[in-house]
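Enquirer: My structure is below; once you've seen it, I'll send some questions.
Just so it is clear, none of the values below were taken in a lab; they were calculated from the coordinates. Remember, it's a predicted structure, so these values are computed and weren't measured experimentally. For neighbour counting, all protein chains shown are included, and Cβ atoms are generated from backbone atoms with ideal geometry for every residue, glycine included.
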Amino acid sequence: MVVRRLLTRDAVTATQLAGDLPMTRQAVAKHLSALMDAGLLERRREGRETRYQLTPEPLGDVTEWLRTVGDEWDERLDRLRRPVGGE
């Protein structure tokens, strides 16, 4: 839910996100921390507020890996579908 909300908004605070979602500010903060650790968020200070913005670029490597693994599984499944006689 947090990632979806971040995709639809510019830089937001944890409080703003909590106001949009059915979860506490503390739960949102934990999600934001995990996303920061994964390198998927940028954080910047604006006065007394901390604003977060999604940086999806690191997901490119994951997307490519998933595509490769998916292709490998498709090939394996195709081989299983072939008749045992090799036709």
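Enquirer: If I model a spin label as a point 7 Å beyond the Cα along the Cα-Cβ vector, how far apart are those points for GLU46 and THR68 in nm?
Expert: 3.9
Enquirer: Dipole of the chain (Lys/Arg Cβ +1, Asp/Glu Cβ -1, origin at the Cα centre): which of LEU66, LEU7, SER33 lies farthest to the positive side?
Expert: Going by the charge dipole, the pick is SER33.
Enquirer: Let me ask something additional. Could you give the C-alpha radius of gyration of the chain expressed as a fraction of 2.2 N^0.38 Å, taking N as the number of residues it contains?
Expert: 1.68
Enquirer: Another one. Given Cβ point charges of +1 (Lys, Arg) and -1 (Asp, Glu) and nothing else, what value in debye, to the nearest 20, does the dipole of region 2-81 about its Cα centre take?
Expert: Dipole about the Cα centre, nearest 20: 540 debye.
Enquirer: Considering only DSSP states other than H, G, I, E and B, which chymotrypsin sites (Phe, Trp or Tyr not before Pro) in region 21-87 qualify as loop sites with at most 11 other Cβ atoms within 10 Å?
Expert: Of the chymotrypsin sites (Phe, Trp or Tyr not before Pro), not one in the loops of region 21-87 has a Cβ with at most 11 other Cβ atoms within 10 Å.
Enquirer: Also, quick follow-up: With r defined as the distance between the Cβ atoms of ALA38 and LEU80 and R0 fixed at 30 Å, what FRET efficiency is calculated, to the nearest 0.05?
Expert: The value I calculate is 0.30.
Enquirer: Can you check what the net charge comes to around GLY19, using other residues whose Cβ is under 13 Å from the Cβ of GLY19 (Lys, Arg +1; Asp, Glu -1)?
Expert: Charge balance near GLY19 sits at +2.
Enquirer: Still on this structure, please answer the following. Which listed residue (PRO56, LEU80, GLY19) has the Cα farthest towards the positive end of the charge dipole for the chain, taking +1 on Lys and Arg C-beta and -1 on Asp and Glu C-beta about the Cα centre?
Expert: GLY19
Enquirer: Based on alpha-carbon centroids, what's the gap between region 1-19 and region 37-87 in Å, whole number please?
Expert: Their Cα centres are 22 Å away from one another.
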